[in-house]
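Enquirer: Below you'll find the structure I mean.
All of the numbers you see were taken from the coordinates with simple rules; none came from a lab. Here the structure is a predicted model, which means the values were calculated and not measured. A quick note on method: Cβ atoms are made from the backbone with ideal geometry, for glycine too, and the neighbour counts reach across all protein chains shown.
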Amino acid sequence: MKVIVIGAGVGGTSAALALQKLGHEVVVYDRMRENRPVGAALSLWSNGVKVLNWLGLGPQVAALGGQMDDMAYYDGHTGDELCRFSLAPVTEQTGQRPYPVARADLQQMMMDAVGSAHIRLGKQLVAVADDGRTVTAAFADGSTDTADLLIGADGARSLVRDYVTEPTGIRPQRSYSGYVNYNGLVKADERIGPLDQWTTYVGDGKRCAVMPVAGDRFYFFVDVPGPSGVVEDRMAALEAAFGSWGAPGVRALLDGIDPDQSLNRVEIWDIDPFDTWARGRVAILGDAAHNTAPDIGQGACSALEDSFALGIVFATSTLGVEDSLRRYERIRTERAGDLVLRARKRAHETHAFDLDATQAWYDGLRREDGSGVIRGIVGNIEGSPVELGASVLR
């Protein structure tokens, strides 16, 4: 087949690679003019890494990944350690080490794997048309392309999603999660936390965290509850939120941020789960299908799961494109929707939207030996289509 993929992010490029593995001709279109992803880095938990292994990118992603051996929580006001434990059980229980990775590095690696000859940048989709035999994409510059199948990996504000859900009369809407995430990359600094540790400072419904990524860097992500649509000086906002905290590691992080080079501001939104992901020869995946808050670190992994399921369906089903896309939809909607709701619940607990729940979480961290957190992380990984496939092999 010829396949059009809209979106060159993690979801779009992994879908392209999965379909290329099967011998299909794939062309990826993206409105961006250069590799400028939103957000500095992301968590690739074991389920996401396994999909990249399946796509033949295991050594490359391992080289990009940070050495994250331990996890620790600290009181943001005092710097006192609340708990610290090894993440080795995640690897032991799932069969794959997780990696934090810089998003631009990962995206470039995947774009290179797809091949520049198969990627068209600076192409904004404006319309989709399906005549029952082929599907045509129309772009803002007046150009069009026609294929046997179109995959919409065009993000949270997906035009392809609008096309797919139009016959239902229900257009999924994004909802504000109640907090803003500031993120970026800084030079790794032991004053912030050990170089092989996921370090998180918490207090007042806010968190300030770092993960190691390749290149002697920390990926930092900082959550501040508050309204959406606020125009602000980003560094001033961080100082207002955390400047009074007494933890030396928080001060070291704030001092290490170069606001001109590495300080993104991302309002966190999600979409209620919905189960219409395919229409004729068109389907959606990634944020277009399950835009989620980042509170369980499964956004990119869920997109990779989509691509795995898509590839398996087209490798094993023989009743045509429309039938295969319906099968893909049935495999993915419940699992992906469950992760959206888990992340939403987690955000509610950790950001003091329920003061008692957040205080109970803080109190629990002081008693945590790691088993509860590990159980939650592994629980998010279990149920993945790649994990289910591995269980059959066992």
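Enquirer: Taking 0.36 nm per intervening residue step and subtracting the Cα-Cα distance, what contour gain separates R330 from R157 on full extension?
Expert: Working: separation 173, 0.36 × 173 = 62.28 nm, distance 2.26 nm.
Using 0.36 nm per residue and subtracting the Cα-Cα distance, I get 60.0 nm.
Enquirer: Then there's this: What number, rounded to the nearest 500 deg cm²/dmol, is the helix-based mean residue ellipticity at 222 nm of the chain, given -39500 (n - 2.57) per DSSP H run of at least four residues and division by all its residues?
Expert: Details: 14 runs with 157 residues, N = 394.
-12000 deg cm²/dmol, from helical runs alone.
Enquirer: May I ask you to list the GluC sites (Glu not before Pro) in the range 1-91 that are in a DSSP loop and have at most 16 other Cβ atoms within 10 Å of their Cβ? Show your work: numbers first, answer last.
Expert: Details: sites: E25, E34, E81; in loops: E34.
Sites meeting the loop and neighbour criteria: E34.
Enquirer: Translational diffusion coefficient, Stokes-Einstein: compute it for the chain using the Kirkwood radius over C-alpha pairs as Rh, at 4 °C and 1.567 mPa s, and state it as an integer in µm² s⁻¹.
Expert: Working: Rh = 21.5 Å.
Value of D from the Cα-based Kirkwood radius: 60 µm²/s.
Enquirer: Name the residue, out of A153, A137, A237, whose mean-square fluctuation peaks in a Gaussian network model built on the chain with Cα pairs under 10 Å.
Expert: Greatest mean-square fluctuation among the candidates belongs to A237.
Enquirer: Where is the GNM fluctuation largest for the chain (alpha-carbon springs, 10 angstrom cutoff): G229, G243, G337?
Expert: The residue that fluctuates most here is G229.
Enquirer: Then there is this: Tell me the volume per residue, in Å³, of the convex hull enclosing the alpha carbons of the range 117-224. Working shown, then result.
Expert: Values: hull volume 19.4 nm³, N = 108.
Given the Cα convex hull of the range 117-224, per-residue volume reads 179 Å³.
Enquirer: Sticking with this one: Looking at the range 159-192, which trypsin sites (Lys or Arg not before Pro) are in a loop (DSSP not H, G, I, E or B) and have at most 16 other Cβ atoms within 10 Å? Walk me through the numbers before you get to the answer.
Expert: Numbers: sites: R161, R174, K187, R191; in loops: R191.
Answer by residue number: R191.
Enquirer: In terms of modelled amide H atoms, which long-range or inter-chain residues lie less than 5 Å from the amide H of Y201?
Expert: Amide H neighbours of Y201: Y74, C208, A209.
Enquirer: Among P273, P98, P248, which one shows the biggest mean-square fluctuation in a GNM of the chain, springs joining Cα atoms closer than 10 Å?
Expert: So, out of P273, P98, P248, the one fluctuating most is P248.
Enquirer: Percent relative contact order of the range 230-364, based on C-alpha pairs within less than 8 angstrom and at least six residues apart? All intermediate terms of the calculation are to be shown ahead of the outcome.
Expert: Numbers: 118 pairs, mean separation 31.6, N = 135.
Once divided by the residue count of the range 230-364, the mean separation gives 23 percent.
Enquirer: Mind pulling the angle between the C-alpha long axis of helix 321-350 and the longest principal axis of the chain? Nearest 10 degrees, somewhere in 0 to 90.
Expert: The angle comes out at about 10 degrees.
Enquirer: Taking every DSSP beta bridge that has both residues in the chain, what percent is antiparallel when rounded to the nearest 5?
Expert: On the way: 48 of 69 bridges.
Bridges in the chain that DSSP calls antiparallel: roughly 70 percent.
Enquirer: Then there's this: On C-alpha positions alone, give me the angle between the axis of helix 371-381 and the longest principal axis of the chain, in degrees, nearest 10.
Expert: With both axes taken from Cα atoms, the answer is about 10 degrees.
Enquirer: Return one number: the angle in degrees, 0 to 90 and rounded to the nearest 10, between the long axis of the Cα atoms of helix 103-114 and the longest principal axis of the Cα atoms of the chain.
Expert: Helix 103-114 sits at roughly 20 degrees to that axis.
Enquirer: Still on this model: In the chain, with Lys and Arg counted as +1 and Asp and Glu as -1 at Cβ, which of these residues, P294, L82, A252, has the Cα nearest the positive end of the dipole, that is, farthest along it?
Expert: P294
Enquirer: Could I ask something else about it? Which three numbers, in whole Å and largest first, are the semi-axes of the equivalent ellipsoid of the range 20-83 derived from its Cα gyration tensor as √(5λ)? Before the final figure, lay out the partial values.
Expert: On the way: eigenvalues 247, 67, 17 Å².
Equivalent ellipsoid of the range 20-83: 35, 18, 9 Å, largest first.
Enquirer: Through the Karplus equation 6.51 cos²θ - 1.76 cosθ + 1.60, θ set to phi - 60°, convert the phi angles of the range 151-166 into ³J(HN,Hα) values in whole Hz; use x for Gly and Pro.
Expert: 10, x, 10, 9, x, 5, 9, 5, 6, 5, 4, 4, 5, 5, 8, 3
Enquirer: What is the total of Lys pairs in the chain with C-alpha atoms under 21 Å apart, excluding same-chain pairs fewer than 8 positions apart?
Expert: Here the count comes out as 4.
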